[in-house]
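This report refers to the structure that appears directly beneath it.
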Amino acid sequence: MTEDISKVDQIIETYGLEQKGLIPVLLDIQTEYHYLPPEAIQHVSERMNIPMIQVYQVASFYKVFSLEPRGKHIITVCMGTACHVRGSTMLVDQISRVLHVEPGETTKDMQFTLEEVNCLGACALGPVMVIDGKYYGKMTVNKIEKTLSKYTETEVVANE
Ligand code: FES
């Protein structure tokens, strides 16, 4: 996929061309495109005069950055022990049914990426699901469709 990277120059200009601006620049690019497109990385490298390998090293070191295209909304379901025993696997199954996406994948319309993690640090609220940083505790299969509907204009309906 070739991205329109016209906003990258604007982002670079916000922070200047010095190397210390690299992480803020990458963070803004990540926010804008939901990942770091290769074209954007190359452009940052050229404009800021930082070797491409160094930009990739920073991009791969921090978990906040993704080198793969991701959805507009990130759904994270906790699969840690406390959440697992309270049914987080069923939540993932229901999300997969509703959005037609498996953990680690992004929907074809690029709206949602589904991820699993081991603990979100809110075990007492398990099972926990997080969408774009908002925590949904004591989540149930029955609440999934309604919760996802808040993030999309089109109606989400599970296949029976
Ligand atoms: S195990 Fe799910 S938040 Fe800790």
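The values are calculated or read from the model by the stated rules, or taken from the named source; none is laboratory data. For clarity, every value in this text was computed on a predicted model and none was experimentally measured. No Cβ is skipped: glycine too gets one built from the backbone with ideal geometry, and neighbour counts run over all protein chains shown.
Summary of values
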| read-out | value |
| --- | --- |
| Residue within the range 49-66 that is closer than 30 Å to Leu125 by Cα, within 16 Å of the ligand (Cβ to nearest atom) and among the small types (Gly, Ala, Ser) present | no |
| Where Val130 falls short, out of the listed (1) of a type in the set (A, V, I, L, M); (2) at pLDDT 95 or above; (3) farther than 19 Å from Gly87 by Cα | (3) |
| Of the criteria (1) surrounded by 16 or more Cβ atoms within 10 Å (Cβ to Cβ); (2) over 28 Å from Glu3 (Cβ atoms); (3) within 13 Å of the ligand (Cβ to nearest atom), which one His84 fails | (1) |
| Any chance Met90 is within 16 Å of the ligand (Cβ to nearest atom), in contact with a Pro (Cβ under 9 Å, 6 or more places away or on another chain) and either at pLDDT below 95 or assigned to a helix (DSSP H, G or I) (or both) | yes |
| Among residues of the range 125-152, those that are hydrophobic (A, V, I, L, M, F, W, C) and assigned to a loop (DSSP other than H, G, I, E, B), counted | 2 |
| Of the criteria (1) away from the ligand (no atom under 16 Å from the Cβ); (2) without any contact (Cβ under 8 Å) to a residue 12 or more places away in the chain; (3) on the phi > 0 side of the Ramachandran plot, which one Gly133 fails | (1) |
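Every residue, every condition in (1) in contact with a strand residue (DSSP E or B) (Cβ under 7 Å, 6 or more places away or on another chain); (2) surrounded by fewer than 19 Cβ atoms within 10 Å (Cβ to Cβ); (3) farther than 18 Å from Gly133 by Cα, yes or no:
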{"site": "Leu22", "(1), (2), (3)": "no, no, yes"}
{"site": "Glu46", "(1), (2), (3)": "no, yes, yes"}
{"site": "Gln57", "(1), (2), (3)": "no, yes, yes"}
{"site": "Ile75", "(1), (2), (3)": "yes, no, no"}
{"site": "Leu91", "(1), (2), (3)": "yes, no, no"}
{"site": "Val101", "(1), (2), (3)": "yes, no, yes"}
